[in-house]
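Just below is one structure, and these are the notes that go with it.
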Amino acid sequence: MIAESATTTYLVPEPFEQALLALRRVLAQANLPVTGELDMSRRLRESLLIGLTPLRVLFIAAPPWTFSRLAEAPGIVALTPLHVVVSARGSQTEIHFLRTVPTDLSPVDEPVMRAIHRLQDRITQAVERIGMRATLV
């Protein structure tokens, strides 16, 4: 699949742990299950013995409403979970939503892309309840 990567960054005016709790809350309210989590700063600290600011990757699965349509979009399982990266930035927190958008040349069929776009839109709407889209330089 040929894809163009894009990252949308949101700034949350809260410390990391509070922002992470708020993110989990809005994702749960939107019925977007977090199916996994990777604590990158802990992993690197243990491996390299260096201190880093907190950094977590949350894996957001396709919610149950998507699976009810698997007959029309079985490829969605291959494209999920989607990744949301949460990182500390001083007294604030950044949330980076990583998106993969297939181009016209990709073999992904239309029902799968509609399901992925709906999932991406729901994640965006949830994150925008707690953070403001940022332009980072």
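Nothing in this text is a laboratory measurement; each read-out follows from the coordinates by a stated rule. Worth saying up front: this structure is predicted, and the values here are computed from it rather than measured. Cβ: placed from backbone, ideal geometry, glycine included. Neighbour counts: every protein chain shown.
For this structure, a couple of remarks:
- Peptides ranked, highest mean first, by Cβ atoms within 10 Å: ranges 9-18, 34-43: 9-18, 34-43
- Calculated from backbone phi, Karplus (6.51, -1.76, 1.60) coupling profile of segment 116-130 in Hz, x at Gly/Pro: 5, 4, 4, 5, 4, 4, 5, 5, 4, 4, 5, 5, 5, 6, 10
- Calculated from backbone phi, Karplus (6.51, -1.76, 1.60) coupling profile of segment 81-98 in Hz, x at Gly/Pro: x, 8, 10, 10, 9, 10, 9, 6, 9, x, 8, 10, 9, 9, 10, 10, 9, 8
- Taking Lys and Arg as +1 and Asp and Glu as -1, the other residues whose beta-carbon sits under 15 Å from that of VAL12 total +2.
- From phi via Karplus (6.51, -1.76, 1.60), per-residue ³J(HN,Hα) for segment 10-17 in Hz, x at Gly/Pro: 10, 10, 10, x, 9, x, 3, 4
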